[in-house]
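The values are calculated or read from the model by the stated rules, or taken from the named source; none is laboratory data. The model shown is predicted, which means the values in this text are computed figures rather than measured ones. Cβ placement follows ideal geometry from the backbone for every residue including glycine, while neighbour counts extend to all protein chains displayed.
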Amino acid sequence: MNFRFVYEFGRIYGFNTIRRVASYIISSLLIPLSLLFILDIVSKGQLLPFAIVGGLTSIVVSNALLTMTDAANLRLQWKIQDLLAATKLGPTSYMFGLMLNNLFFALPGIALYIIIGLAYHLFTPLLFAAMVVILILLYIAASSIAFFASFFPEHIRAVWGYTQIISLILGLFPPIFYPYTLLPKDLLYVFLILPSTSASILIQNIFGLTPFFQPALYIFPIEVIICFILAAKFVSWRRK
């Protein structure tokens, strides 16, 4: 792992972009904040804790999936990947550079939701620390999926379709903004193949919002490892 490259690439491609175009931050907050408002109104406040922890999860997933558009754009349009592949740099360092880049975009939204959670007395230091660990692992898993998927489109226009489909699967269907107990048991086990499902269930369990669901505790780490291996070992890093 080339940590110097990861830091510099993330800083230049991510942090500097935010400084120039702040609208990226606003756009990343629109959907989670809209859902928080709608859930609060519709449920008369009963689903507000789900909306807060779900908003944090949603921001992490949505920004992680930006890795797909970034990686595909740098590969197909700018040809940056070809330049980096000609060096000793490997795909893992490149992927983590993209992950750090998109993490800068996620930080303002995460900070806003932390403030909201503190205002509603939802967070304690221990619960918050446990949630952070889960969200970091989820960010790695979702970014790995996005990085792996970025090598399939052969034209930049096709990337947007792939991204929308993956965003829908990982960010809408799983019980991110609603209790996992609402899902039929058979469907719940189908959704457990998605890391965002098991991560959301664990977060709901940590905050005492839903009953403890033991399978998620075992499945989630395995999913993170599998997703990372797919991205690190099974991508076409160098053109043949």
Just to check your reading of the model, which residue among Arg4, Arg19 is of a type outside the set (S, T, N, Q), surrounded by fewer than 22 Cβ atoms within 10 Å (Cβ to Cβ) and over 25 Å from Ile116 (Cα atoms)?
Arg4
Need a quick list: helices (runs of 4 or more DSSP H) entirely within the stretch 159-240 having at least 2 residues that are without any contact (Cβ under 8 Å) to a residue 60 or more places away in the chain, of a type outside the set (D, E, K, R) and farther than 19 Å from Ser58 by Cβ.
185-191, 214-233
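Let's see how each residue does on (1) under 18 Å from Met99 (Cα atoms); (2) loosely packed, with under 13 Cβ neighbours inside 10 Å; (3) of a type outside the set (Val, Ile, Thr); (4) at pLDDT 95 or above:
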| site | (1), (2), (3), (4) |
| --- | --- |
| Ser150 | yes, no, yes, no |
| Pro211 | no, yes, yes, yes |
| Ala216 | no, no, yes, yes |
| Trp237 | yes, no, yes, no |
Given the residues Gly45, Gly90, which is the only one that is in contact (Cβ under 8 Å) with a residue 12 or more places away in the chain and either of a type in the set (Gly, Ala, Ser) or surrounded by fewer than 24 Cβ atoms within 10 Å (Cβ to Cβ) (or both)?
Gly90
Check Thr197 against each of (1) surrounded by fewer than 20 Cβ atoms within 10 Å (Cβ to Cβ); (2) under 21 Å from the mean Cα position of the chain (by Cα); (3) modelled with pLDDT of 95 or more and name the one condition it does not meet.
(1)
Confirm whether Leu39 is surrounded by 20 or more Cβ atoms within 10 Å (Cβ to Cβ), part of a helix (DSSP H, G or I), touching a residue at least 60 places away in the same chain (Cβ under 8 Å) and over 19 Å from the mean Cα position of the chain (by Cα).
yes
Of the residues in the stretch 103-161, those that are farther than 15 Å from Leu65 by Cβ and not hydrophobic (A, V, I, L, M, F, W, C) number 10
Answer yes or no: is there a residue in the stretch 166-179 that is loosely packed, with under 13 Cβ neighbours inside 10 Å, under 24 Å from Met99 (Cα atoms) and of a type outside the set (Lys, Arg).
yes
